[in-house]
1. Kindly provide the set of residues from the stretch 320-355 that are touching a Lys or Arg at 6+ places or on another chain (Cβ under 9 Å) and polar (S, T, N, Q), ordered by number.
2. For the stretch 183-211, name all the residues that are touching a residue at least 12 places away in the same chain (Cβ under 8 Å), open to solvent by 20 Å² or more (accessible area, probe 1.4 Å) and farther than 26 Å from Ile287 by Cα.
3. If I filter the stretch 102-132 down to residues being over 19 Å from Ala192 (Cα atoms) and among the acidic types (Asp, Glu), which single residue comes out as most open to solvent (accessible area, probe 1.4 Å)?
4. Quick one: how many residues across the stretch 22-54 are in contact with a strand residue (DSSP E or B) (Cβ under 6 Å, 6 or more places away or on another chain), assigned to a helix (DSSP H, G or I) and either in contact (Cβ under 8 Å) with a residue 40 or more places away in the chain or among the hydroxyl-bearing types (Ser, Thr, Tyr) (or both)?
5. Look through the stretch 201-217, keep the residues that are touching a helix residue (DSSP H, G or I) at 6+ places or on another chain (Cβ under 8 Å) and in a loop (DSSP other than H, G, I, E, B), and return whichever of them is farthest from Pro180 (Cα to Cα).
6. Between Leu237, Leu269, which is part of a helix (DSSP H, G or I), touching a residue at least 12 places away in the same chain (Cβ under 8 Å), within 16 Å of the ligand (Cβ to nearest atom) and farther than 20 Å from Asp164 by Cβ?
7. Which condition number does Glu177 fail, the rest of (1) within 16 Å of the ligand (Cβ to nearest atom); (2) open to solvent by 20 Å² or more (accessible area, probe 1.4 Å); (3) not in a helix (DSSP H, G or I) being met?
8. For the stretch 346-399, enumerate the residues that are within 14 Å of the ligand (Cβ to nearest atom), charged (D, E, K, R) and not in a strand (DSSP E or B).
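The values are calculated or read from the model by the stated rules, or taken from the named source; none is laboratory data. Just so we're clear, the structure is a prediction, and the values are computed from it rather than from any experiment. Here the Cβ is made from the backbone with ideal geometry for all residues, glycine too, and neighbour counts use every protein chain on show. Side chains are part of the model used for accessible areas, which takes the heavy atoms of the whole protein and leaves out ligands, DNA and RNA. Shrake-Rupley method; radii C 1.70, N 1.55, O 1.52, S 1.80 Å.
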Amino acid sequence: MPIFLTNNYPSSALQINTRLIIACAEQLLDLCDMAGYSLSILLIDDREMTDLNNRYRGKNVPTNVLSFPFLDGADDTISSLPIRELGDIIISVDTAGREATASRQTLAERLAWLITHGLLHLLGYDHERSAPDAALMQDKENELISRLQLNRSKPMTLLAINVDHIATIRQARGTIEPDPVTAAALCELAGASGIVVHLREDRRHIQDRDVRLLRQTVKTRLNLEMGAAKEIIDIALDIKPDMVTLVPEKRLELTTEGGLNVTGQKKKLAGTIEQMAKAGIPVSLFIDPDFKQIKASHDIGATFVEIHTGRYCDAVSEKERDCEFHLIASAAQEADRLGLQVNAGHGLDYRTTARIAALDIIGELSIGHAVIARAVFIGLEQAVREMLDIIRFARHGFY
Ligand code: PXP
């Protein structure tokens, strides 16, 4: 039976992932043995919620969730019909958003909690009836939420944010703002598991000062992306990031264009990996989804490979995208079989990420441009959270 979701929330200030809400409601119905029933969910703002709360409960203030059982007030004739409709859950997204901020949850997590709460009301639980009823409802709520979380059996795909583009904006004016160090802190606050910066030889965006400050301030993991050039290697050995990712670097390219040719420069790259290993810095090699490059990466002692997702993201037809996706999936499997840790990145955005994040073997996604571009309009923390929602849903069927 379907979940009927109506999104009447009028503002775009809060981004609502309706797919996640429906998946959450479906799971909850399953967990409550009500899978054959349908449920309506309506998302509104505080203004509309205040009207409803006033009309039905005599309270002229907004509330977070209201539930209306389908058969509430129905006469015996209707009640005896085999109707498999539970009723309506109405949620104020404004209130949910405030509560999410106060309880340090994502909006999606808060909405999941409110749907659980509303559903229990539809099933006859009522915390306002008496203290024992309140305890019973609270227990059931906790049980359902924890069972939803139990579904997260697979390890979470981590999200590392590349903040180069913040530095690009700063360099365009040659001032001190915006500061990629501040951006990194905001990304971490929003749930990113790592920060990536590319210290290019031409210093077109990230500066030495940024990397040194980030080394002191990043609380998750600092991944220094770099070409295997002596000057940059020396800086890495001095700063000691949590890991380095070796990439091919050309002066005139707009961004890293392709994966490293590991097979063609095994000796040079093996030397860099050895230098890093002596300093305790694990190395990732950014490579195309190509078995030869994977084998060579393994042969020369890389700890990680980062599989280039650019061609998958740039594909112009679904057929081509499918084909590129399968290359990435089989390359990830091969790298894992050889004992390499597997990351992926480049060009991933809010449409293309889910499919890659669903690949169990991939441990971390490195994403920059799409998140920073979205942040311009909706703020950096929100942009990171939305990407995290996509990744969690892709991996767990839930966020
Ligand atoms: N991974 C590597 C190795 C990169 O060079 C880049 C771009 O700096 C990224 C990931 C992130 O790519 P995008 O900015 O397109 O998300």
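1. If the condition is that a residue be touching a Lys or Arg at 6+ places or on another chain (Cβ under 9 Å) and polar (S, T, N, Q), then Thr352 is the only one that fits.
2. Correct list: Ala185, Leu186, Glu188, Leu189, Gly191.
3. Restricting to residues being over 19 Å from Ala192 (Cα atoms) and among the acidic types (Asp, Glu), the top hit is Glu128.
4. Residues meeting the conditions: 3.
5. In the first step, residues of the stretch 201-217 are kept if they are touching a helix residue (DSSP H, G or I) at 6+ places or on another chain (Cβ under 8 Å); the result is 201, 204-208, 210-215, 217.
From the residues that got through so far, the ones that are in a loop (DSSP other than H, G, I, E, B) too are 201, 204-207.
On the way: Glu201: 18, Arg204: 13, His205: 10, Ile206: 8, Gln207: 10 Å.
Looking at residues that are touching a helix residue (DSSP H, G or I) at 6+ places or on another chain (Cβ under 8 Å) and in a loop (DSSP other than H, G, I, E, B), I get Glu201.
6. On the way: Leu237 fails: within 16 Å of the ligand (Cβ to nearest atom).
Among Leu237, Leu269, only Leu269 is part of a helix (DSSP H, G or I), touching a residue at least 12 places away in the same chain (Cβ under 8 Å), within 16 Å of the ligand (Cβ to nearest atom) and farther than 20 Å from Asp164 by Cβ.
7. Against the list (1) within 16 Å of the ligand (Cβ to nearest atom); (2) open to solvent by 20 Å² or more (accessible area, probe 1.4 Å); (3) not in a helix (DSSP H, G or I), Glu177 comes up short only on (1).
8. Once the filter is applied, which keeps residues that are within 14 Å of the ligand (Cβ to nearest atom), charged (D, E, K, R) and not in a strand (DSSP E or B), the stretch 346-399 yields Asp349, Arg351, Arg374.
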